[in-house]
Amino acid sequence: MPVLAALVVVGISLIVALIHLTGGSRKASLASADVARERFALDYPNVEVRAVHLTADRCSAFLETADGRIGLVHAMGAKFLTRLLTPADVASIRRSGEASLLARFPDFTFPGAVFEFESAEVADRVAAALTPRTIGRRAA
């Protein structure tokens, strides 16, 4: 029995090492805005992208679309998650640092994350796009 247990441990260890060495544990990243556009276009080919805002770690990108929605490309392990969002799709969004946002989504597959941007201006622009707009009324 001890020999069988040792073989199982060695076998599992070898499989894990081979997966790691062949790139199976590599985290995906977005090298540029063009890469983010291309990845987004795989899932949303008919959506025109006007601007791309990459996060500082290059793991996420927010894409401004021609119709006012926001595209999201986010690395999850070696794959990418893509979403097409409106302010109604955001449970909450708030600053969590000078150039970072904490976004929460009512989506159990991606409940939210902290997104760190290169500048506060980019964080403000993304937050504004994902915040519901209210129309003020004048008092009569």
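The values are calculated or read from the model by the stated rules, or taken from the named source; none is laboratory data. As the structure is a prediction and not an experimental result, all values here were calculated from the model. Don't worry about glycine lacking a Cβ; one is built from the backbone with ideal geometry, like all the others, and counts go over all protein chains shown. Just the protein is used for accessible areas: all its heavy atoms, side chains included, with ligands, DNA and RNA removed. Shrake-Rupley method; radii C 1.70, N 1.55, O 1.52, S 1.80 Å.
Cβ-Cβ distances below 6 Å connect the following pairs, each with a first residue in region 82-97 that is of a type in the set (A, V, I, L, M, F, W, C), a second residue that is assigned to a helix (DSSP H, G or I), and a separation of six or more residues or different chains: Val90/Leu130; Ile93/Ala127; Ile93/Leu130.
Within region 99-125, take every residue that is touching a residue at least 24 places away in the same chain (Cβ under 8 Å) and charged (D, E, K, R) and give me the one that is least open to solvent (accessible area, probe 1.4 Å). Going through the qualifying residues, I end up with Asp107. Looking across region 74-103, the residues that are among the small types (Gly, Ala, Ser) and in contact with a Pro (Cβ under 9 Å, 6 or more places away or on another chain) come down to Ala88, Ala91.
Can you report the number of residues in region 15-40 which are open to solvent by 50 Å² or more (accessible area, probe 1.4 Å), modelled with pLDDT under 85 and either hydrophobic (A, V, I, L, M, F, W, C) or touching a Ser or Thr at 6+ places or on another chain (Cβ under 6 Å) (or both)? Residues that pass the stated criteria total 5. Residue-level analysis places Ala61 among those that are surrounded by 13 or more Cβ atoms within 10 Å (Cβ to Cβ) and either over 18 Å from Ala129 (Cβ atoms) or touching a helix residue (DSSP H, G or I) at 6+ places or on another chain (Cβ under 9 Å) (or both). Restricting attention to region 129-139, does a residue exist that is touching a strand residue (DSSP E or B) at 6+ places or on another chain (Cβ under 9 Å), open to solvent by less than 20 Å² (accessible area, probe 1.4 Å) and modelled with pLDDT of 95 or more? The answer is no, given that none of the residues of region 129-139 is touching a strand residue (DSSP E or B) at 6+ places or on another chain (Cβ under 9 Å), open to solvent by less than 20 Å² (accessible area, probe 1.4 Å) and modelled with pLDDT of 95 or more.
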